[in-house]
2 protein chains.
Amino acid sequence: MKASQFFISTLKEAPADAEVVSHKLMMRAGMIKKLGAGIYTLMPMGLRVVQKVEAIVREEMNRAGAVELCMPVVQPAELWQETGRFDKMGPELLRIQDRHAHDFVIQPTSEEVVTDIARQEIRSYKQLPKNFYQIQTKFRDERRPRFGLMRGREFIMKDAYSFDRDQVSAKASYQIMAKAYRRIFDRFGLTYRAVAADSGAIGGDLSEEFQVIAATGEDAIVYCPGSNYAANMEKAEALAPAGPRPAASQAMAKTPTPGQSTCADVAELLGLPLAQTVKSLVLATDTLNEQGEVVKTQVWLLLLRGDHDMNEVKVGKLPGLGAFRFATVPEIEDHFGCKPGYLGPLNLLKPVKLVVDREVAVMNDWVCGANEVDFHLTGVNWGRDLPEPDMVADLRNVVAGDASPDGQGVLAIERGIEVGHVFYLGTKYSEAMKATFLDQNGKPQFMEMGCYGIGITRLPAAAIEQNHDERGIIWPDALAPFTVVLCPINAERSPEVKATAEALYAELLAAGVDVMLDDRGERPGAMFADWELIGVPHRVNIGDRALKEGNVEYQYRRDAAASAVPVADIVAQLLAKLKV
Amino acid sequence: MKASQFFISTLKEAPADAEVVSHKLMMRAGMIKKLGAGIYTLMPMGLRVVQKVEAIVREEMNRAGAVELCMPVVQPAELWQETGRFDKMGPELLRIQDRHAHDFVIQPTSEEVVTDIARQEIRSYKQLPKNFYQIQTKFRDERRPRFGLMRGREFIMKDAYSFDRDQVSAKASYQIMAKAYRRIFDRFGLTYRAVAADSGAIGGDLSEEFQVIAATGEDAIVYCPGSNYAANMEKAEALAPAGPRPAASQAMAKTPTPGQSTCADVAELLGLPLAQTVKSLVLATDTLNEQGEVVKTQVWLLLLRGDHDMNEVKVGKLPGLGAFRFATVPEIEDHFGCKPGYLGPLNLLKPVKLVVDREVAVMNDWVCGANEVDFHLTGVNWGRDLPEPDMVADLRNVVAGDASPDGQGVLAIERGIEVGHVFYLGTKYSEAMKATFLDQNGKPQFMEMGCYGIGITRLPAAAIEQNHDERGIIWPDALAPFTVVLCPINAERSPEVKATAEALYAELLAAGVDVMLDDRGERPGAMFADWELIGVPHRVNIGDRALKEGNVEYQYRRDAAASAVPVADIVAQLLAKLKV
């Protein structure tokens, strides 16, 4: 491609609403253009990157035996009503009506449509397993779209759905996809981790997120540097403390802590480590009658160490807490006789269920609220000052330095951007939509399903968060809009420069290299700055001075300086370097 | 691709709602699956065809210097309000609201968005010309979607938009696109015509439709077998009759024609040729005041020969008739003193403007309504019986046998399916949206635009309407989902058949052929029927009997019989035949 036949539009400054670096750089490099909140045109330079992502994903999905189809963007509501998602999903599901006032949705994913296809098309176990995928436009009406392509409303996703005859086969299909995903992200040339994720009510460990590692990532990733263990924060288990509970060494005392309502403030006031304090979280669960009215409310008190945070996913899996909510202030005052900030497990007005994190269960001499404003209790001890709790469980997020669940060392935490997810669905959708097949005995069985997504338009943004410097983007070869850019310097004044550039361009094109010849006639400084901003990994500068010595200049985007390379050698050297 | 790794789903019978052959065959061949009215999933077999269409279109658009981008499917209403299309377009424009009750549309085309991009990005004449295109999902909420992909609601279109500094350059851009379109349709291997189309208010001849010729086509195409002349029915000119008006030879007479209100009935009753009769059409135009109220209505009488049909596009271009409507019955009775069926230009109650087709203007001794129920006038002659008309013009559709406007013979008419359109837009959108650039003198000028569409998902349907037989689809090589299919016969009982099939498969794959190996183990009859239905152009049957002689069977989809080809020669023979 020659620049004069393409469309290059770079900006010195990013627009004010671009907060994260990938958004800023994609706007500045002219890769995307905002049309509305969370809605972007993929400009020619950005579309090239997206098409490279698509091509690699398509190749690897095909290699893994998945079959491509293309489901509609606009989908009738009926199928979504069958699974209940039409009503259950929030306003992020864009609902529309056609001219006949029939309800439709714009697909955010396509479980319903693909399950409808499967239940019509797959009649026998002989047709299984089958994996259908599409690369297609999706829409989620995010409340607060932001960060450019990172959290847009309209986006392109690759979504795949596997159908199997039983769990064993479904798990094999899942593993085939997980392997294909590793190959895909390897080919992208990105640093990533496949992390275990929570698989919801289904249980098992068949849910993994593919996270591109970046300091700016939204997600906390837990991993063990000494092993293969990796999980997202929701999933990572905090192991039970190793030793037994130390004996009490202090007497319990009521201590004035005026105005100090957080564990950190109390610890500082009392000169104690934060890990000596215990925080109280009050939850509630409601029992409903058949009319959906609340007939009974149970209040729960959760205790966590002052330096730990509650993990809502873990808490939601505890018996009785599946549908927990945070208690209201009147509910708290009714049970504790005190407003939030000074709560604790002693001297309650009404009984509550007491659920305690495993760390708290082995603490001695701890500090908690006294259920009296401006007072805390110190030297509290289990058994002596209050009875043992109703339940002891893992309630918290892990922190760096916790023991790894696989026993291979301690955990570290880094940030990541989720760009893929593989998930074993079981029969959730096939039961809701009565998607059955006939097994070997001619008996109808629900299909076992899995779903597998890759954020096609999110991926370039994640790649940039991981690969950039103060001058701009640094694309891995596989994702670059152009792999090589040729920059002739003052070509209009030098026929030799022009001829050499054209000859190298023709030679690289013929070798199948995705090469750009910048024939815009820009000054060298502006030209180099453009290509460093756009992030083309390999640049060749062709100028009169070096040509006199028979050389051109090769500049690798990650290197500080360019190097002189004989004109005769540059193509061979480039071909040797290119990893695509 | 092996059948076992693909998804093949054929039907014996087409669903009842499939009316046209392409719809029936695409459903039966498992290429599309209906999700709702006018909304289809592209199944794996159909998607392959669509992707081949896309690839050829993309290649030729790039070759022609157009630059690909991708505009959003969901577009904010603001831009559509700027051009007035948000209000002017009917319910076929799908309007939606997001969670914040902001108005959006689903793109039916993208003139507004691309003009918005151009007005922001293109500042100088130096950046022109530029042509942006996309291949993207569109939606038109058709009142009556039908014929499968032929008139769906959701569809894929390639839409391109050119921007130029002046009309000369815009016309050159138009010609580049028209040439690219010819190359595209040539590569598809379809019989088509580029026909001149009406270019609306802009005038000139810079509007062409690309019509795939098919007996079942919706559009009438006018062409001259002896020349290059081709136009659609709206556009094709009916030349003025060659000779002068013959002199009157009959006296005018009022003749009873009880109950005979059509020209055909009257001609039959009177024993006259239909071409001797004249039909009366009554139109009206309204003059509005600033409040949009009708302050004056002009009634027009149009006369056409009894065997001719009015061409509304031609009539709409006549002075004063730009916004014509058909007159109401009260308006007709008020002016003619008679109800429709017996109208004519004589004995009016109130004056009307008389507009006469060029054929009628040179008739003598003609027949028309007497403005009295159950009576017609015969032997009517211009000048003698009524004054010359206010206007003589081309008001009618051409008919087969009319003289060709280029003087090269007579016109013929055939049917076509519109699959592409190139159109010079002028400054319609750039003026509405103030899309200007600075010219050589630093003066802002409106950009000259053109738009160019290809119905990507419609094209396979049109190809089938043109290429099918009683057994199924007959794809041109370039569009076939697979170019070659290998059909091993009873492979499970013959290791030699299986080995030969696998060897040919590997060889063809290595040669870059899009080959399908049918390893499903179906009986030969069912297997052959499937591939004839699906329409793969080249089939190789590998069976024990022929193998004993060292042969396989080659079956070209269009041929009645297969031919024996030595195993050793089949790959070379196939490669020689393939036109892709």
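Per-structure values
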{"item": "For A:L35, residues with placed amide H under 5 Å, excluding near neighbours", "result": "A:Y40, A:T41"}
{"item": "Cα gyration tensor shape of the stretch A:482-577, rounded if a/c is under 1.5, else prolate or oblate by comparing a/b with b/c", "result": "rounded"}
{"item": "Cβ nearest the rotation axis (A onto B), residue from chain A and distance to the nearest whole Å", "result": "A:I96, 2"}
{"item": "11 Å beta-carbon shell around A:Y181, net charge (K/R +1, D/E -1)", "result": "+1"}
{"item": "Local electrostatic count at B:W382 - Lys and Arg +1, Asp and Glu -1, tallied over other residues with Cβ under 11 Å", "result": "-1"}
{"item": "Pseudo-label separations to other copies for B:S169 - Cα-to-Cβ vector, 7 Å, nm", "result": "6.2"}
{"item": "Compactness relative to 2.2 N^0.38 Å, alpha carbon Rg of the stretch B:253-393", "result": "1.04"}
{"item": "Derived scalar couplings ³J(HN,Hα) [the stretch B:487-504; Karplus, 6.51 cos²θ - 1.76 cosθ + 1.60; whole Hz; x for Gly, Pro]", "result": "10, x, 9, 6, 4, 5, 9, 9, x, 6, 4, 4, 5, 5, 4, 5, 5, 5"}
{"item": "Angle in degrees between helix A:167-188 and the longest Cα principal axis of chain A, rounded to the nearest 10", "result": "50"}
{"item": "HN-Hα J in Hz across the stretch A:315-325 - Karplus 6.51, -1.76, 1.60, θ = phi - 60°, x for Gly and Pro", "result": "4, x, 8, 6, x, x, 10, x, 10, 5, 9"}
{"item": "Cα gyration tensor, the stretch A:376-533 - rounded (a/c under 1.5), prolate or oblate", "result": "oblate"}
{"item": "Over 29 Å between alpha carbons, listed pairs A:K33/B:K434; A:K434/B:K34; B:K2/B:K179; B:K88/B:K179; A:K130/B:K577", "result": "B:K2/B:K179; B:K88/B:K179; A:K130/B:K577"}
{"item": "Chain B - mean residue ellipticity at 222 nm from DSSP helices (-39,500 (n - 2.57) per run, n ≥ 4, rounded to 500)", "result": "-7500 deg cm²/dmol"}
{"item": "Cα-based radius of gyration of the stretch A:82-199 once divided by 2.2 N^0.38 Å, which approximates compact folds", "result": "1.27"}
{"item": "Sorted by Cβ density within 10 Å, fewest first, the residues A:W300, A:W475", "result": "A:W300, A:W475"}
{"item": "Intensity falloff of chain A expressed as log10 I(q)/I(0), Debye formula with alpha-carbon point scatterers, at q = 0.05, 0.10 Å⁻¹", "result": "-0.31, -1.01"}
{"item": "A:A66 long-range amide H proximity, modeled H, under 5 Å", "result": "none"}
{"item": "Charge dipole (chain B, unit charges on Cβ, about Cα centre) - positive-most of B:P389, B:F437, B:L93", "result": "B:F437"}
{"item": "Burial ordering of B:K126, B:K33, fewest other beta-carbon atoms within 10 Å first", "result": "B:K126, B:K33"}
{"item": "Copy-to-copy label separations for B:T287, where each label sits 7 Å from Cα toward Cβ, in nm and ascending", "result": "8.4"}
{"item": "Kirkwood-Stokes translational diffusion coefficient of the protein assembly as shown, alpha-carbon pairs, 4 °C, 1.567 mPa s, µm²/s", "result": "37"}
{"item": "Unit charges on C-beta of K, R, D, E only; dipole of the stretch A:429-498, Debye", "result": "200"}
{"item": "B:D198 long-range amide H proximity, modeled H, under 5 Å", "result": "B:K235"}
{"item": "Residue-averaged beta-carbon neighbours from other chains (10 angstrom radius) around B:73-80", "result": "4"}
{"item": "B:L504, A:L288 arranged by Cβ crowding within 10 Å, fewest neighbours leading", "result": "A:L288, B:L504"}
{"item": "Relative contact order (%) - criterion: Cα under 8 Å, at least six apart; region: chain A", "result": "17"}
{"item": "Computed E for A:V168/A:E312 - FRET, C-beta separation, R0 25 angstrom, nearest 0.05", "result": "0.15"}
{"item": "Spherically averaged projected area of the stretch B:387-458 from its Cα convex hull (nm²)", "result": "11.1"}
{"item": "Residue-averaged beta-carbon neighbours from other chains (10 angstrom radius) around A:97-109", "result": "3"}
{"item": "Copies compared at B:E121 - label distances in nm, ascending, label defined 7 Å from Cα in the Cβ direction", "result": "3.6"}
{"item": "Whole-number percent relative contact order across the stretch A:426-554, with pairs defined as alpha carbons under 8 Å at least 6 apart", "result": "25"}
{"item": "For q = 0.12 Å⁻¹, Debye-computed log10 I/I(0) when each Cα of the stretch A:135-227 counts as one equal scatterer", "result": "-0.53"}
{"item": "Local electrostatic count, B:K498, Cβ distance below 14 Å [Lys/Arg +1, Asp/Glu -1]", "result": "-3"}
{"item": "With 5 Å bins from 0: P(r) over the stretch A:421-507, alpha-carbon pairs, percent", "result": "3, 11, 10, 10, 8, 9, 9, 7, 7, 6, 5, 5, 5, 4, 2, 1, 0"}
{"item": "Overall form of the stretch A:236-278 per C-alpha gyration tensor (a/c, 1.5; a/b vs b/c)", "result": "oblate"}
{"item": "Rounded to whole Hz, the Karplus (6.51, -1.76, 1.60) HN-Hα couplings of the stretch A:397-413, x for glycine and proline", "result": "6, 5, 10, 4, x, 4, 5, 6, x, 8, x, 9, x, 10, 7, 10, 10"}
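Quick note: the coordinates plus some simple rules give every number you see, no bench work behind them. Everything numeric in this text was worked out from a predicted model, so none of it was measured. Using ideal geometry, Cβ is built from the backbone for each residue, glycine included, and neighbour counts are taken over all protein chains shown.
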